[in-house]
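Asker: Provided herewith is a single structure, encoded as structure tokens, for subsequent inquiry.
The values are calculated or read from the model by the stated rules, or taken from the named source; none is laboratory data. Given the structure is predicted, the values throughout are model-derived calculations rather than measurements. Here the Cβ positions follow ideal geometry from the backbone for every residue, glycine too, while neighbour counts run over all protein chains shown. Keep in mind that these areas ignore ligands, DNA and RNA; they rest on the heavy atoms of the full protein, side chains included. Shrake-Rupley method; radii C 1.70, N 1.55, O 1.52, S 1.80 Å.
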Amino acid sequence: MTSELDSLRRHSLVVADTGDIEAVARWKPQDATTNPSLLLTSAQDPRFRHLVDNAIREARGDTAAAMDGLFVHFGREILKHVAGRVSTEVDARLSFDIAGSIARARRLIALYERHGVGRERVLIKLASTWEGVRAAEQLEREGIHCNMTLLFSFAQAVACAEAGVTLISPFVGRIYDWYRAARKVDDIPVDDDPGVASVARIYAYYKKHGYKTQVMGASFRKTEQILALAGCDLLTIAPDLLEKLAKAPGPVERQLSMELALRTGGEKIAMDEKTFRWMHNEDPMATDKLADGIRRFDADARKLERLIISLAAATPAAA
Ligand code: E4P
């Protein structure tokens, strides 16, 4: 029997959205994505405690270095189970700091390279703020490939494509969450789901205008949202939803295509900083969710820092 997951794989590259290394090994995705919240969960999991201890030991009392080390140790383990790339996120506190984001990304890549992992196997995740996009533009020139996260508005998508970034992660579920709360409903059917519509619109615009930036739908709440985006370049999916897709019988029909994009992709938009800020600000969902997303990733990174500090007190330093 062909499952929905097998069938989906014919239309889109399937990516695992998790810091759980055993889940990555089980699902054998093309790529994997992490974020500070996912790594906070994994860092507290006894199965992966050795990775946290190694990062702390190597950092010799430097908490920032231990954070970088932890991200890279998880990334390296994940890479043992995927043929493609792992996404590692830059500190959300740098979301409005171009130079700081560039420096942190270079540091992460240097650490990966010191451990024998080439930059072609890593995507540096940055928040899709104006400053994040400018940082990514510079990093791409250095051969450091970027995955633009916390992407909610069309303005963010246009700016990322114009900057020539490798990949964007437009969020579906968090848009759905916002509209569900705004409309005071328990569910929004997939054909009326603003999160799904956002990714479909971005995909069509990119393909119609020949942008090379890949579109990876992210942040899913239910399998229907994933299936409605079959054909998107990549889809990053949490293990519980991968499991549901694997158990459901296929086939899955392609929904996004070049043919449809040429008809629906819309007119090209000229983007500069003023236009970006105006267009993004015109979208209350996107302004709320970008700000909230930065706060949430920052809060989880701070929890991770506190965990590292408390464990460091009990971990012997490297000889
Ligand atoms: C992936 O890159 C994102 O970080 C992830 O899909 C966010 O998902 P969430 O909205 O379920 O936290």
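Asker: Test of the criteria: in segment 153-221, which chymotrypsin sites (Phe, Trp or Tyr not before Pro) are in a DSSP loop and have at most 13 other Cβ atoms within 10 angstrom of their Cβ?
Answerer: Passing sites in segment 153-221 do not exist.
Asker: Hey, what number do you get for the chain at 222 nm if only DSSP H runs of n ≥ 4 count, each worth -39500 (n - 2.57), divided across all residues, to the nearest 500?
Answerer: Per the formula, -16500 deg cm²/dmol.
Asker: Stokes-Einstein diffusion coefficient for segment 1-109 at 20 °C in a medium of 1.002 mPa s, Rh from the Kirkwood formula over Cα pairs: what value in µm²/s?
Answerer: 143
Asker: Related question: Taking the DSSP beta bridges in the chain as the whole, what percent of them are antiparallel, to the nearest 5?
Answerer: Values: 1 of 26 bridges.
Antiparallel bridges: around 5 percent, rounded to the nearest 5.
Asker: Give me the Kirkwood hydrodynamic radius of the chain in Å, from all C-alpha pairs, to one decimal place?
Answerer: Working: mean 1/r = 0.0502 Å⁻¹.
Computed over the chain, the radius equals 19.9 Å.
Asker: Using the C-alpha atoms of segment 202-319, what convex hull volume per residue, in cubic angstrom, is computed?
Answerer: Considering the Cα atoms of segment 202-319, their hull volume per residue is 211 Å³.
Asker: In terms of the Cα gyration tensor, with a ≥ b ≥ c the square roots of its eigenvalues, is segment 75-197 rounded because a/c is under 1.5, prolate because a/b exceeds b/c, or oblate?
Answerer: It comes out prolate by the Cα gyration axes.
Asker: Might you tell me the accessible area per residue for the chain, computed with a 1.4 Å probe and given in Å²?
Answerer: With all protein chains present, the chain gives 43 Å² per residue.
Asker: For segment 92-133, state which chymotrypsin sites (Phe, Trp or Tyr not before Pro) are in a DSSP loop and have at most 16 other beta carbons lying within 10 Å of their beta carbon.
Answerer: Hits after loop and neighbour filter: PHE96.
Asker: Now for a different question. Let me know the number of lysine pairs in the chain closer than 18 Å at the Cα, not counting same-chain pairs under 8 apart.
Answerer: 11
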